[in-house]
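J.: Below is one structure. I have some questions about it.
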2 protein chains.
Amino acid sequence: MARATVQDVAKTAGVSVGTVSRVLNGSPAVSTASREKVNEAIRRLSYRPLASARDLRRDRTMRVLALAKNLESLVVSEVFRGVGDAAADSGYVSLIAATAGDLEREQQLVDMLRNGSVDGMVLFSPTMPDEDVDAVAGQLSVVQVCEIVDADAAFGVSIDDRQAAYDMTRHLIDTGGRRLAMIAHRSARSGRLREAGFRQAVADAGLPPGRVLSGEGGFGFHAGRRLARELLAAGDLPDAVFCGTDIAAAGCVRELTDAGLRVPHDIAVAGFDDSAQAEMCVPELTTVRQPAYEMGRVAFAELLERMTVPGAHRRGRVFLPHELVVRDSTKG
Amino acid sequence: MARATVQDVAKTAGVSVGTVSRVLNGSPAVSTASREKVNEAIRRLSYRPLASARDLRRDRTMRVLALAKNLESLVVSEVFRGVGDAAADSGYVSLIAATAGDLEREQQLVDMLRNGSVDGMVLFSPTMPDEDVDAVAGQLSVVQVCEIVDADAAFGVSIDDRQAAYDMTRHLIDTGGRRLAMIAHRSARSGRLREAGFRQAVADAGLPPGRVLSGEGGFGFHAGRRLARELLAAGDLPDAVFCGTDIAAAGCVRELTDAGLRVPHDIAVAGFDDSAQAEMCVPELTTVRQPAYEMGRVAFAELLERMTVPGAHRRGRVFLPHELVVRDSTKG
DNA sequence: CAGAGGATTGGAATCGATTCCAAAGATCTT
DNA sequence: AAGATCTTTGGAATCGATTCCAATCCTCTG
């Protein structure tokens with residue numbers, strides 16, 4: 001029993017293929033009688049229009065692809081949930097793919113946009129060089145989110161990482177921090193921006209520039225621990241540490257606690273992202289919340305515009321507001 | 001500048017469309033001269049074969065879809081990483097979609113299999129009723145993973161959750177546990193199996209049946225805390241608690257610790273899944289590791305067989321070996 | 001050097017759904 | 001009741017890549 005086609009449905013229903021197609025697409029130019037016959041035939045044959053044939057004729061797929069290196073982070077999955085919901089509201093399906101930081105895999109997925117497998121793409125953390133992002137975004141419907149490349153043609157949605165880090169550093173200073181340090185992730189764009197915000201805030205407060213430790217290759221719990229250990233080993237302990245992510249902050253807190261220090265009494269620690277881990281840490285982490293879900297929704301809205309109004313390629317970026325979440329790891 | 005077609009390439013290269021297509025598909029029946037002319041034309045026009053046209057003609061897409069409720073869990077993302085890698089090895093692209101437990105969304109995504117948007121599907125935790133899974137799996141290329149529905153036609157890859165829970169419970173008993181309790185998640189299939197394994201192990205050891213608390217609606221950190229609080233409130237404290245997931249175990253440990261109990265000295269706690277949180281917890285969690293990546297690879301291998309050998313619809317399920325990871329939250 | 005056999009090529013048919021155009025049918029007007 | 005208008009319908013053309021068949025071009029063999 002091969003797949004039924006529009007021809008089969010037409011024959012079964014005793015009408016022409018044109019009429020079947022009109023029923024499928026909700027055209028009003030069909031009599032009630034025909035519509036019912038067609039629907040009955042569709043049911044009997046359990047017919048589904050073949051996607052590739054439809055896409056070919058219509059020249060669009062109603063699918064978008066969201067790309068990230070990996071998916072286990074709460075920010076990524078919330079952003080993509082936002083994209084997915086917004087897409088669904090507009091009749092699109094949003095698919096997700098993880099590149100694992102593999103350039104070749106990423107190229108292959110971007111090719112899905114070039115070859116019309118999907119109509120648009122949301123780019124979370126591209127591995128390819130900036131100029132490639134620019135080239136792709138110049139021709140195709142692409143919107144960046146969170147980890148945004150500086151590209152002329154590209155458009156992106158994110159928080160102001162620099163300002164958010166500035167604000168958090170300011171909070172550390174306002175609550176008594178004088179010797180600040182940062183555990184940064186320079187390998188990520190957002191990490192570099194957060195570092196810049198940290199440095200600026202320290203400088204603006206007239207404090208001596210704090211030590212900045214950067215995790216090379218990985219920035220997880222263990223990196224946080226290792227860098228905290230370095231901090232301890234270096235002596236001249238800071239009284240506040242700003243970590244580029246909550247996971248690293250959790251590692252940092254753990255290492256400091258194991259060394260007998262009390263957080264925040266002896267040393268304050270702040271994270272970033274308001275991950276699930278922020279609440280699971282002891283003490284619970286002060287952190288910066290990104291409106292991840294909303295960012296996803298906004299990203300899709302922009303993407304939709306690019307997909308449907310091909311001329312309207314807005315450039316630049318949109319910043320959504322971040323929020324300081326003060327918990328127990330810093331002095332309230 | 002509209003998209004170039006195979007016709008344009010043929011014209012530019014001064015050959016026929018047949019030859020262009022042969023070059024595109026690596027057919028040996030092309031002279032070196034023609035091949036070079038075609039490749040040159042492809043480069044000049046930056047031509048990409050349109051996916052929908054190709055898919056229509058070939059009657060397959062070389063794409064598979066992996067479905068789960070949500071993606072932030074390490075198990076899901078590792079499974080899907082395995083699927084993705086195995087797919088790439090066979091020239092397939094694997095896409096991911098999250099249903100958020102929304103039945104309508106899930107139906108829409110399953111429709112992508114029915115309408116030929118993808119060639120196969122990996123189902124992690126279906127929301128639809130078992131008989132629907134059965135119906136879909138009976139006709140289409142579907143493989144289940146981890147959260148496996150009992151369906152005649154369906155095929156699935158998982159660990160033996162029941163046995164794994166049995167083994168972990170046995171470990172709790174072997175290390176001195178006599179009054180056992182479980183924090184379970186009955187809303188998930190795997191949760192029910194783990195509960196059954198727990199009960200069996202307790203019974204086999206001749207111990208009194210332990211108290212089992214089940215989290216309704218959500219089974220995260222907070223649910224773990226709440227259920228641990230219930231345990232405390234009930235008095236007659238157990239000396240070992242088996243939690244259905246690491247996240248719940250982390251919540252449980254936190255609540256017990258806050259109540260002044262020492263883990264594992266006063267009460268042992270075990271988790272399940274070997275999530276990232278298992279190592280971040282204080283004390284680090286004893287847990288069960290699932291070979292998630294490998295499960296993804298095996299799932300794709302099975303899927304490939306279903307996609308390419310349509311007759312060979314293997315039923316039943318494959319169990320992959322689990323592993324007890326003993327850390328500090330139980331008495332070594 | 002004729003002819004067999006192989007290598008290469010061109011081009012039409014095909015996949016299945018949509019859409020446009022012309023025609024047929026229905027309804028209304030006067 | 002004829003003509004005008006509106007509704008509904010059938011069917012061919014179309015989207016772009018692949019593939020099969022027949023035709024052409026080589027290269028050897030004897």
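J.: Can you compute the charge dipole magnitude of region A:6-49 about its Cα centre, using +1 on each Lys and Arg Cβ and -1 on each Asp and Glu Cβ, nothing else charged? Give it in debye, rounded to the nearest 20.
T.: The calculated dipole for region A:6-49 is roughly 60 debye.
J.: Using a 1.4 Å probe on the protein heavy atoms, what percent of the accessible area of region B:50-93 belongs to carbon and sulfur?
T.: Values: 790 of 1740 Å².
That share works out to 46 percent.
J.: What Rg and what Dmax come out for region B:6-49 when only alpha-carbon atoms are used, in angstroms?
T.: Rg, Dmax (Cα atoms, Å): 8.8, 24.
J.: Turning to a different aspect of this structure: If r is the Cβ-Cβ distance from B:Arg229 to A:Val309 and R0 is 56 Å, what FRET efficiency results, to the nearest 0.05?
T.: So, using R0 = 56 Å, E works out to roughly 0.55.
J.: Another question about this same structure. Using the Cα centre as the reference, give the magnitude of the dipole from point charges on the C-beta atoms of the protein assembly as shown (Lys, Arg: +1; Asp, Glu: -1; all else neutral), rounded to the nearest 20 debye.
T.: Working: 80 positive and 88 negative charges, 412 e Å.
Around 1980 debye, computed over the protein assembly as shown.
J.: Related question: What are the residues of region A:46-82 that lose 30 Å² or more of accessible area, with a 1.4 Å probe, going from their chain alone to all protein chains?
T.: Residues meeting the cut-off: A:Arg48, A:Leu50, A:Ala51, A:Ser52, A:Leu56, A:Arg63, A:Leu71, A:Glu72, A:Ser77.
J.: Using the Cα atoms of region A:1-154, I'd like the radius of gyration and the largest Cα-Cα distance, Dmax, both in angstrom.
T.: 20.1, 58
J.: May I ask you to give the average projected area over all directions of the convex hull of the Cα atoms of the protein assembly as shown, in nm² rounded to one decimal?
T.: Taking a quarter of the hull surface, the average projection is 33.9 nm².
J.: What is the spread of the Cα atoms of region B:230-329 along each of their three principal axes, largest first, in whole Å?
T.: Per principal axis, max minus min of the Cα coordinates gives 60, 25, 17 Å.
J.: Rounded to two decimals, what is the ratio between the C-alpha radius of gyration of region A:70-227 and 2.2 N^0.38 Å?
T.: 1.20
J.: Now for a separate question. Which value results when the Cα radius of gyration for chain A is divided by 2.2 N^0.38 Å?
T.: 1.28
J.: Compute the accessible area per residue over region A:6-49, keeping the other protein chains in place, probe 1.4 Å, unit Å².
T.: 59 Å²
J.: Under the Karplus relation 6.51 cos²θ - 1.76 cosθ + 1.60, θ = phi - 60°, what is the ordered set of whole-Hz ³J(HN,Hα) values for region B:274-281, x standing for Gly and Pro?
T.: Residue by residue, region B:274-281 yields 6, 6, 4, 5, 4, 7, 8, 6 Hz.
J.: Where the only charges are on Cβ atoms (+1 Lys, Arg; -1 Asp, Glu), what is the dipole of chain B about its Cα centre, to the nearest 20 debye?
T.: 1240 debye
J.: Also, quick follow-up: Under the definition of Cα pairs under 8 Å and six or more residues apart, what whole-number percent is the relative contact order of chain A?
T.: Numbers: 647 pairs, mean separation 55.9, N = 332.
About 17 percent, as a whole number.
J.: Still on this structure, please answer the following. Would you pull out the residues with amide H under 5 Å of A:Thr286's amide H, same chain only if 5 or more places away, H placed 1.01 Å from N?
T.: A:Gly271, A:Arg327, A:Asp328, A:Ser329, A:Thr330
J.: For chain B, with the dipole built from +1 on Lys and Arg beta-carbon atoms and -1 on Asp and Glu ones, taken about the Cα centre, which of B:Ser214, B:Val318, B:Pro238 lies farthest toward the positive end?
T.: B:Val318
J.: Additional query: Could you state how much accessible area is buried at the B-A interface, both sides summed, with a 1.4 Å probe, in Å² to the nearest 100?
T.: On the way: alone 15670 and 15690 Å², together 27560 Å².
For chain B against chain A, roughly 3800 Å² becomes buried.
J.: Roll a 1.4 Å probe over the protein heavy atoms and report the accessible area of B:Glu36 in Å², nearest 10.
T.: B:Glu36 has an accessible surface of roughly 120 Å² with all protein chains in place.
J.: Here's something else I'd like to know. Mind checking the angle between helix A:74-89 and chain A's longest principal axis? C-alpha axes, 0 to 90 degrees, to the nearest 10.
T.: It is inclined by approximately 30 degrees.
J.: Another question, if that's okay. Taking all protein chains together and a probe of 1.4 Å, list B:Thr245, B:Thr32, B:Thr5 from the most accessible to the least accessible. If you can, show how the numbers build up before the last one.
T.: Numbers: B:Thr245 20, B:Thr32 95, B:Thr5 55 Å².
The residues order as B:Thr32, B:Thr5, B:Thr245, largest area first.
J.: Among A:Ala88, A:Leu256, A:Ala188, pick out the residue whose Cα is farthest towards the positive end of the charge dipole of the protein assembly as shown, where Lys and Arg carry +1 and Asp and Glu carry -1 on C-beta, about the Cα centre.
T.: Result: A:Ala88.
J.: Let me ask something else. Which one of A:Gln144, A:Gln277, A:Gln290 has the biggest mean-square fluctuation once chain A is modelled by GNM with Cα springs under 10 Å?
T.: Comparing A:Gln144, A:Gln277, A:Gln290 in the GNM, the peak value goes to A:Gln277.
J.: Counting other C-beta atoms within 10 Å, and keeping those with at most 16, which DSSP coil GluC sites (Glu not before Pro) do you find in region B:215-256?
T.: The qualifying sites are B:Glu216.
J.: Quick one: accessible surface of A:Lys37, probe radius 1.4 Å, all protein chains present, in square angstrom to the nearest 10.
T.: Here the residue's solvent-accessible area equals roughly 90 Å².
J.: Still on this model: Which distances, shortest first and in nm, link A:Asp174 to the matching position in the other copies, using label points set 7 Å out along Cα to C-beta?
T.: Those label-point separations list as 5.5 nm.
J.: Additional query: What do you get for the angle between helix B:292-308 and the principal long axis of chain B? Use alpha-carbon atoms, 0 to 90 degrees, nearest ten.
T.: Roughly 40 degrees between the two axes.
J.: Quick one: pull the percent of accessible area on region A:6-49 belonging to carbon and sulfur, 1.4 Å probe, ligands and nucleic acids left out.
T.: Of the solvent-accessible surface of region A:6-49, carbon and sulfur hold 49 percent.
J.: Helix-only estimate, please: 222 nm mean residue ellipticity of chain B, summing -39500 (n - 2.57) across DSSP H runs of length 4 or more and dividing by its residues, to the nearest 500.
T.: -14500 deg cm²/dmol
J.: Also: What does the charge count around A:Ser31 come to, taking other residues whose C-beta lies under 11 Å from its C-beta (Lys +1, Arg +1, Asp -1, Glu -1)?
T.: Residues near A:Ser31 contribute +2 overall.
J.: Next up: Round to a whole number: what % of the accessible area of region B:181-332 belongs to carbon and sulfur, probe 1.4 Å? It would help to have the intermediate numbers written out before the result.
T.: Working: 3200 of 6110 Å².
That fraction is 52 percent.
J.: A further question on this structure: Output the 0 to 90 degree angle, nearest 10, between the alpha-carbon long axis of helix B:32-45 and the longest principal axis computed from the alpha carbons of chain B.
T.: It is inclined by approximately 70 degrees.
J.: Taking the C-alpha atoms of region B:161-289, how large are the radius of gyration and the largest Cα-Cα span, Dmax, in Å?
T.: 12.7, 34
J.: Then there's this: Residues with amide H under 5 Å of B:Ala66's amide H, sequence separation 5 or more or different chain, H placed in the peptide plane at 1.01 Å from N; which?
T.: Correct list: B:Leu95, B:Ile96, B:Ala97, B:Val122.
J.: Where in region B:261-285 does accessible area fall by at least 10 Å² between the isolated chain and the complete protein assembly, at a 1.4 Å probe radius?
T.: B:Gln277, B:Glu279, B:Met280, B:Val282, B:Glu284
The values are calculated or read from the model by the stated rules, or taken from the named source; none is laboratory data. Just so it is clear, the structure is predicted and the values come from calculations on it, not from any experiment. In this analysis, Cβ positions are derived from the backbone assuming ideal geometry, glycine residues included, and neighbour counts consider all displayed protein chains. For accessibility, only protein heavy atoms count, side chains too; no ligands or nucleic acids. Shrake-Rupley method; radii C 1.70, N 1.55, O 1.52, S 1.80 Å.
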